Amino acid sequence: MQATHFMKEMSWTTFTERKKETDLVILPAGAFEVYGPHLPLGSDSLVAVKIAELVARRVGGIIGPVLEVGDSSMLDEFPGTITIRPESFKAYLNDVVDSLLKWGFKDFLFMNSHAGNVPIINQIAYALRDRKDIRKAQIDYWRFVKTVDAGVLESGELAHSHAGEAGTSVMLHLYPELVDMSRTMDVTRKRKDAFPEIMKYGRLSDNTDWGTVGNSQVATAEKGQVLVDRSVDRIVRFLEEVWDIPDRTTQA
């Protein structure tokens with residue numbers, strides 16, 4: 001049987017043995033929401049799980065429960081979108097973390113691919129800051145990818161917009177069978193944001209009727225592979241250089 005990094009696929013005895021090898025647990029978090037007419041509703045969660053797996057393979061971590069649904073209230077007028085109240089999400093995740101602490105995990109990497117989850121995860125992590133025996137970090141994946149995209153994308157300031165070039169390219173690389181390129185489109189915002197540096201609290205439909213912004217037509221699997229490879233390399237480098245968790249694939 002091939003070794004798994006997913007806790008849900010382990011027996012309790014297998015988990016006991018695997019836990020002896022690592023203190024790192026990776027917690028994927030995503031959303032269940034509109035992601036354009038060309039991508040599945042679970043795109044965020046699917047990406048978070050796959051990136052978590054790629055990182056776990058490199059460093060030997062264990063992947064804990066997946067939080068597939070987050071706070072998507074700003075998109076809930078689009079069919080199929082499911083939203084969890086922040087209070088519910090926080091309570092659920094807090095209980096997950098408490099259980100993992102009970103079983104001896106000390107390094108918590110939140111692999112999050114939905115912006116709405118960021119502040120909730122922050123609250124949980126900050127609440128644990130006085131615990132000197134544990135470490136916490138969050139990868140806000142779609143924002144994180146912006147730091148490794150040099151020379152890859154071509155659609156300008158909207159390349160990282162919702163279900164645009166970057167997101168579609170990553171999905172084309174990781175889950176090509178779930179992408180319908182015949183339904184991609186070039187969508188500009190309904191109105192230009194003259195003050196992007198100011199946080200605002202509108203709805204996605206204020207900017208698009210299609211649940212996507214940007215030019216997904218120029219997305220390619222090749223671009224997605226570069227973004228994924230660079231992002232995974234960067235995350236593994238952090239774990240190795242800051243948390244002293246070695247990259248097992250480079251060991252002789």
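A short reminder: the numbers here are calculations on the coordinates, not readings from a lab. All values derive from a computational prediction rather than experimental measurement. No Cβ is skipped: glycine too gets one built from the backbone with ideal geometry, and neighbour counts run over all protein chains shown.
For G42, what is the net charge nearby, where nearby means another residue's Cβ is under 13 Å from its Cβ and Lys, Arg count +1, Asp, Glu -1? Counting the neighbours of G42, the net charge comes to -2. Secondary structure note: in the stretch 7-250, about 15% of the DSSP beta bridges are antiparallel.
Measuring gaps between exposed loop sites in the chain (GluC sites (Glu not before Pro); DSSP loop; at most 16 other Cβ atoms within 10 Å), the longest gap, sites not included, is 78-153. Residue farthest toward the positive end of the dipole of the chain, with Cβ of Lys/Arg at +1 and Asp/Glu at -1: which of T13, S169, L27? The Cα lying farthest towards the positive end belongs to T13.
Restricting the stretch 173-252 to trypsin sites (Lys or Arg not before Pro) that sit in a DSSP loop and have at most 16 other Cβ atoms within 10 Å of their own Cβ leaves R189, K190, R191, K192, K200, R203. What's the center-to-center distance, using Cα atoms, between the stretch 44-117 and the stretch 143-217 in Å? With the stretch 44-117 and the stretch 143-217 each reduced to a Cα centre, they are spaced 22 Å. Taking a span of 20 Å or more along the helix axis (Cα atoms) and a mean Kyte-Doolittle hydropathy of at least -1.0 as the rule, the DSSP H helices of the chain that qualify are 43-59, 86-102, 221-241. Here the relative contact order of the stretch 7-250, from alpha carbon pairs under 8 Å that lie six or more residues apart, stands at 22 percent.
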